[in-house]
Amino acid sequence: MDYIAILYDPLYASFGTDAVIRYLYSDAFDIRAIDCTSGIEVTEGSGIDVKTIRPAAVVRMPELRERGLSRDDLEDAALELNGKIWRVNATMPKPAPTGEADGELYLILIEDEA
């Protein structure tokens, strides 16, 4: 089953928005993202897990690969989304049924103060 064509393409066509990723020593990369800056639930902490709400954006792993980007490239990258600039604080994979490479990546964001 082609999850990209059946699930992700319609999802990003309906709910995705154009965004731009910039990271140190690179050009800007246009990408489609789903805006979750109102917050998603994430687990934080060492030893004792604490659930908290953090602003995020969701991008597709295949689209990152097409642009030559990896998950490691996105730490501390800037994300321009819906007229606001955010800093990528962390990433969290959201695998597809066929694996992480075909799935999505949560970009956990903080407001960019620059």
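The values are calculated or read from the model by the stated rules, or taken from the named source; none is laboratory data. Quantities reported herein were computed from a predicted structural model and do not represent experimental measurements. Ligands, DNA and RNA are stripped out before the accessible areas are found, and what is left, the full protein with its side chains, is counted by its heavy atoms. Shrake-Rupley method; radii C 1.70, N 1.55, O 1.52, S 1.80 Å.
Solvent exposure of the chain amounts to 59 Å² per residue of accessible area, where only protein heavy atoms count and the probe is 1.4 Å.
Round to a whole number: what % of the accessible area of the range 3-111 belongs to carbon and sulfur, probe 1.4 Å? Of all accessible area on the range 3-111, carbon and sulfur atoms account for 50 percent. Only helical runs count toward this figure. For the chain, summing -39,500 (n - 2.57) over DSSP H runs of n ≥ 4 and dividing by all residues gives -2500 deg cm²/dmol at 222 nm. Principal axis extents of the C-alpha atoms in the chain (largest first, rounded to whole Å): 38, 35, 24.
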